[in-house]
Amino acid sequence: MSEVAITLEGWYCLHDFRSVNWAAWRLSTTEEQNRMLDELNTFLKQWSDIEESKQGSTAVYSIVGQKADFVFMHLRETLEELNEIETAFNKTAFASFTTQAYSYVSVVELSNYVNQPGTDPMENPEILARLKPILPKARHICFYPMNKRRDGNDNWYMLGMDERRTMMRSHGMIGRKYAGKVKQIISGSVGFDNWEWGVTLFAEDALQFKKLIYEMRFDEVSARYGDFGDFYVGNLLDAAKFTALLKV
Ligand code: 76R
């Protein structure tokens, strides 16, 4: 058996994609809509309070295209908390005007492919901050799930550690070129969801998603071993922008 990569896990992660039932929403009265917006804003406030106390983090983005209208990305210490959040939101009146477009369950993950040997990563504040990150409030988000291929001769899981490490190093070098332009959060989802990882990227300039992902396509680990699910791209929402989005 090939050597298993050691992974470090941080906060659990839920991407909760929703679409708005515009036909129904338009039929509700302004008074009802205002009450629902108040309730929604209460949630946004609660989530930002949790973030302030470093108990988790939440990102809220609108989604461009027909796959969804918006996404809540929640990071919390436990799966129970994620479950509570989604259930609490489902009980709101506003949620009854939304449909569940897609969801993804994972846990923030770092792997040991490029660690310095002999250091305890859990003693490293930089690593801890990456395992329990406060999500950036960048203008844009990009999310997609992915697998490492297991197909005939192209089987990532049959490769030796050294070969995988070499490829991950090359992957990391490409990624590093985008430092300051794209922030990536890799979350592992083996055993939690239908793909092996969730990739969440944040950037001020959405074009940097395209540049980074395209460049990685030519790198062996993506070219030969990457299989990808649906891509979601969107724009940052705050309370005012969410209210504007829902104004009819
Ligand atoms: O953690 C680190 O920064 C060290 C290097 C590194 C690892 C181990 C790294 C760097 N990644 C790692 C692991 Mn990554 N990453 C992706 C995608 O679209 C594609 O082709 C792939 C999707 C992107 C865009 C991306 C970006 N990475 C992983 C893993 C786990 C692999 C495993 O365990 O087998 C996956 C699935 C994955 C996928 N990666 C970086 C980036 C960027 C921008 C970096 C540089 C980060 C930095 O230096 O700040």
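The values are calculated or read from the model by the stated rules, or taken from the named source; none is laboratory data. Values in this document were obtained by computation on a predicted structure and should not be read as measured data. Methodologically, a virtual Cβ is constructed for each residue, glycine included, from the backbone with ideal geometry; neighbour enumeration extends over all protein chains shown. Only protein heavy atoms, including side chains, enter the accessible area calculation; ligands, DNA and RNA are left aside. Shrake-Rupley method; radii C 1.70, N 1.55, O 1.52, S 1.80 Å.
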query: How many of the residues making up region 79-97 are of a type in the set (D, E, K, R) and more than 19 Å from the chain's Cα centre (by Cα)?
result: 1
query: Taking region 195-230, which residues are touching a strand residue (DSSP E or B) at 6+ places or on another chain (Cβ under 7 Å) and polar (S, T, N, Q)?
result: THR200, GLN208
field: region 109-132: number of residues that are open to solvent by less than 80 Å² (accessible area, probe 1.4 Å) and within 11 Å of the ligand (Cβ to nearest atom)
entry: 9
field: Members of region 44-59 that are in contact with a Leu (Cβ under 7 Å, 6 or more places away or on another chain) and either part of a loop (DSSP other than H, G, I, E, B) or aliphatic (A, V, I, L, M) (or both)
entry: ALA59
- prompt: Out of region 206-218, which residues are in contact with a helix residue (DSSP H, G or I) (Cβ under 7 Å, 6 or more places away or on another chain), in contact (Cβ under 8 Å) with a residue 12 or more places away in the chain and near the ligand (Cβ under 7 Å from one of its atoms)?
  reply: MET216
task: Output yes when any residue across region 70-78 is away from the ligand (no atom under 15 Å from the Cβ), under 15 Å from the mean Cα position of the chain (by Cα) and among the basic types (Lys, Arg), and no when none is.
output: yes
query: Assuming ALA129 fulfils every condition listed in (1) closer than 27 Å to ASN194 by Cβ; (2) outside any strand (DSSP E or B) apart from one, which condition is it?
result: (1)
statement: Exception for VAL64 within (1) buried (at least 16 other Cβ atoms within 10 Å of the Cβ); (2) among the hydrophobic types (A, V, I, L, M, F, W, C); (3) under 21 Å from LEU245 (Cα atoms) falls at (1)
- prompt: Just for region 150-163: of the residues that are open to solvent by less than 70 Å² (accessible area, probe 1.4 Å) and among the hydrophobic types (A, V, I, L, M, F, W, C), which one is nearest to the ligand (Cβ to nearest atom)?
  reply: TRP156
- prompt: Condition test on MET146, is it among the aliphatic types (A, V, I, L, M) and part of a strand (DSSP E or B)?
  reply: yes
- request: Select from region 164-205 the residues that are near the ligand (Cβ under 8 Å from one of its atoms), assigned to a helix (DSSP H, G or I) and surrounded by 15 or more Cβ atoms within 10 Å (Cβ to Cβ) and list them in ascending order.
  value: ARG164, MET168, HIS171, ILE174, GLY175
query: Quick one: is SER62 in a strand (DSSP E or B), more than 26 Å from GLY191 (Cβ to Cβ), in contact (Cβ under 8 Å) with a residue 12 or more places away in the chain and not β-branched (Val, Ile, Thr)?
result: yes
message: Take the conditions polar (S, T, N, Q) and open to solvent by less than 80 Å² (accessible area, probe 1.4 Å) and apply them to GLN208. Does it pass?
response: yes
